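Remarks on the structure that follows.
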Amino acid sequence: MTKANIEIRPLRQDELTQFWLLAFSNPQAEWTKWNGPYFHDVLPSQEAFINKIAEETWLNNDLHWVITCNNELVGSLSAYCEDGDLKRWLDVGIVIYKEKMWGQHIGQQALKLWIDHLFNDVTDLPHIGFTTWSGNKRMMHLGDELGMKLEGQIRQVRFWQGKYYDSVKYGVLRSEWEER
């Protein structure tokens, strides 16, 4: 089997429709059941995404990039300041939209590239982390595989499908990332 070529890069203007179809056209897509489903986020319409959200959030933004596998769009990466305007606490997000691509280490390769990019090109902060929930074992495993530390676990605060789950925080210091 040929090794997949995983790359991360900014979304291009000519890919907006293709990206919307991949990411947001199906509100019942499997990825929506794992990406903070307890928030009950509504996916944007194609018109809202192309005419407003893409310009504000995705185009020419070092904090929102896409993941490609063998030159095909498969996912996205994000970064945001957990502490708002203070901008001292950077968290990241990752979504592989195509369920058939799960389990192929695409997320692991992409998130490694993303953290490299953020530490090297975007921020001088000493820490990068992410938050997930105890129901998302894949994301927790991803943090472990990348050498991130389990930094916090707030018990039974995420309610989904009649059950409480923990909120889980992972993180890595710049010095730890550079040493690995």
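Worth pointing out:
- Single condition R88 does not satisfy, out of (1) of a type in the set (K, R); (2) within 17 Å of L146 (Cβ to Cβ); (3) loosely packed, with under 15 Cβ neighbours inside 10 Å: (2)
- Taken together, the residues in segment 49-58 that are surrounded by 15 or more Cβ atoms within 10 Å (Cβ to Cβ) and over 19 Å from L90 (Cβ atoms) amount to 4.
- Residue list for segment 141-173, restricted to those being hydrophobic (A, V, I, L, M, F, W, C) and closer than 21 Å to D116 by Cβ: L142, L146, M148, V172, L173
- Of all residues making up segment 57-90, the number that are under 29 Å from P126 (Cβ atoms) and either at pLDDT below 95 or of a type outside the set (A, V, I, L, M, F, W, C) (or both): 15
- Taking (1) surrounded by 13 or more Cβ atoms within 10 Å (Cβ to Cβ); (2) within 16 Å of the chain's Cα centre (by Cα); (3) at negative phi in turn, A4 satisfies each apart from (2).
- Some residue of segment 32-48 being hydroxyl-bearing (S, T, Y), surrounded by 13 or more Cβ atoms within 10 Å (Cβ to Cβ), under 28 Å from E178 (Cβ atoms) and out of contact with any Leu (no Cβ under 6 Å at 6 or more places or on another chain): no
- Set I96, I106, I53: member being in contact with a Cys (Cβ under 6 Å, 6 or more places away or on another chain) and more than 13 Å from Y170 (Cβ to Cβ): I106
- Tally of residues being outside any helix (DSSP H, G or I), aliphatic (A, V, I, L, M) and in contact (Cβ under 8 Å) with a residue 40 or more places away in the chain across segment 121-180: 4
- Screening L77 with (1) part of a strand (DSSP E or B); (2) touching a Ser or Thr at 6+ places or on another chain (Cβ under 9 Å) gives one miss only, at (2).
- Out of N51, N60, one residue alone is in a loop (DSSP other than H, G, I, E, B) and more than 30 Å from K137 (Cβ to Cβ). It is N60.
- In this entry, A54 passes the filter for residues that are hydrophobic (A, V, I, L, M, F, W, C) and farther than 26 Å from L146 by Cα.
- Only one of G143, G147 that is closer than 22 Å to H105 by Cβ, modelled with pLDDT of 95 or more, of a type outside the set (D, E, K, R) and surrounded by fewer than 18 Cβ atoms within 10 Å (Cβ to Cβ): G147
- Among the residues of segment 99-112, those identified as surrounded by fewer than 18 Cβ atoms within 10 Å (Cβ to Cβ) and either under 12 Å from the mean Cα position of the chain (by Cα) or part of a loop (DSSP other than H, G, I, E, B) (or both) are W102, G103, Q104, H105, Q108.
- If the condition is being of a type in the set (S, T, Y) and either assigned to a helix (DSSP H, G or I) or in contact with an Asp or Glu (Cβ under 8 Å, 6 or more places away or on another chain) (or both), then segment 1-25 contributes only T17.
The values are calculated or read from the model by the stated rules, or taken from the named source; none is laboratory data. Nothing here was measured: the structure is a model prediction, and the numbers come from that model. Cβ atoms come from the backbone with ideal geometry, glycine included; neighbour counts cover every protein chain shown.
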